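**Q** Mind looking over this structure? Questions follow.
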Amino acid sequence: MLKLHTYFRSSAAYRVRIALNLKGLQYEAIPVHLVRDGGQHLSEAYRRINPAGALPSLVDRDVALSQSLAIIEYLDEAYPYPPLLPGDPVARARVRAIALDVACEIHPLNNMRVLKYLTSKLGVSEEDKNAWYRHWVETGLAAIEARLETSPLTGRFCHGEQPTLADCCLVPQVFNARRFACNLDHVPSVVRIDAECRTLPAFAAAAPENQPDAE
């Protein structure tokens, strides 16, 4: 069985949970708490699985994989149905671009270790830290909104009528945006697609509140 090292509120792990569910793949969820015990992801035992000490990690037989987008693309190649990337090269590039808008432009600036560094090392106040968070999320989602609202390729989901890698990334980011009280009034397409995705069992089952380690 596939084994996913996960944390209920990790948006990167959330992406992979969605992908696994969309493909109907059974997996064992192995909770790795990001705060308890000084951060279980930093333990020697976990670093033997993922030397970067980051979540998620997916173990398939004797192979350990890291980085959420790399994991999802691996799943798409190893377990190709239903596909999470379109067959057309241009369409694939568009889906990847939306996914990377989240994974490379928004998420790294708001990762827990970045926020912790801002407060513990640079002395940033809690209020200013939250303002930082909201600024980069709202700016990043605005860029995604521009991609979505101007393209005829946008459909029920980010790309067409079936969920793709882009939706796997977008929904966890919107979850985080709401958690930190970000303004979403300027991104109606993002909000619509998030709502559409969350009606699907695969997305609902992957939601943080439905995980065995939810607190």
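The values are calculated or read from the model by the stated rules, or taken from the named source; none is laboratory data. Everything numeric here is computed off the predicted structure, so don't read it as measured data. Virtual Cβ from ideal backbone geometry, glycine too; neighbours counted across all protein chains shown.
Results for (1) modelled with pLDDT under 95; (2) loosely packed, with under 14 Cβ neighbours inside 10 Å; (3) within 24 Å of R17 (Cα to Cα), shown as yes or no for each residue.
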{"residue": "P108", "(1), (2), (3)": "yes, yes, yes"}
{"residue": "L122", "(1), (2), (3)": "yes, yes, no"}
{"residue": "S125", "(1), (2), (3)": "yes, yes, no"}
{"residue": "D128", "(1), (2), (3)": "yes, yes, no"}
{"residue": "A131", "(1), (2), (3)": "yes, yes, no"}
{"residue": "L141", "(1), (2), (3)": "no, no, yes"}
{"residue": "P163", "(1), (2), (3)": "no, no, yes"}
{"residue": "P188", "(1), (2), (3)": "no, yes, no"}
{"residue": "F203", "(1), (2), (3)": "no, no, yes"}
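**Q** Only residues that are under 20 Å from G140 (Cα atoms) and either β-branched (V, I, T) or surrounded by 17 or more Cβ atoms within 10 Å (Cβ to Cβ) (or both): list them for the stretch 190-201, please.
**A** Result: V190, V191, I193, D194, C197.
**Q** Out of the residues in the stretch 24-67 meeting the condition of being part of a loop (DSSP other than H, G, I, E, B) and of a type in the set (A, V, I, L, M, F, W, C), tell me which one is farthest from P201 (Cα to Cα).
**A** Ranking the qualifying residues of the stretch 24-67, first place goes to A52.
**Q** Separate question: Is it the case that I71 is among the β-branched types (V, I, T), under 18 Å from the mean Cα position of the chain (by Cα) and not assigned by TED's automatic domain parsing to the domain that holds C169?
**A** For I71, the condition - among the β-branched types (V, I, T), under 18 Å from the mean Cα position of the chain (by Cα) and not assigned by TED's automatic domain parsing to the domain that holds C169 - is met.
**Q** Consider A93 carefully, then state whether it is of a type in the set (G, A, S), part of a helix (DSSP H, G or I), farther than 30 Å from G160 by Cβ and more than 16 Å from the chain's Cα centre (by Cα).
**A** Spelling it out, it is not the case that A93 is of a type in the set (G, A, S), part of a helix (DSSP H, G or I), farther than 30 Å from G160 by Cβ and more than 16 Å from the chain's Cα centre (by Cα).
**Q** When the residues of the stretch 37-48 are filtered to those that are surrounded by 12 or more Cβ atoms within 10 Å (Cβ to Cβ) and at pLDDT 75 or above, which remaining residue is nearest to the chain's Cα centre (by Cα)?
**A** H41
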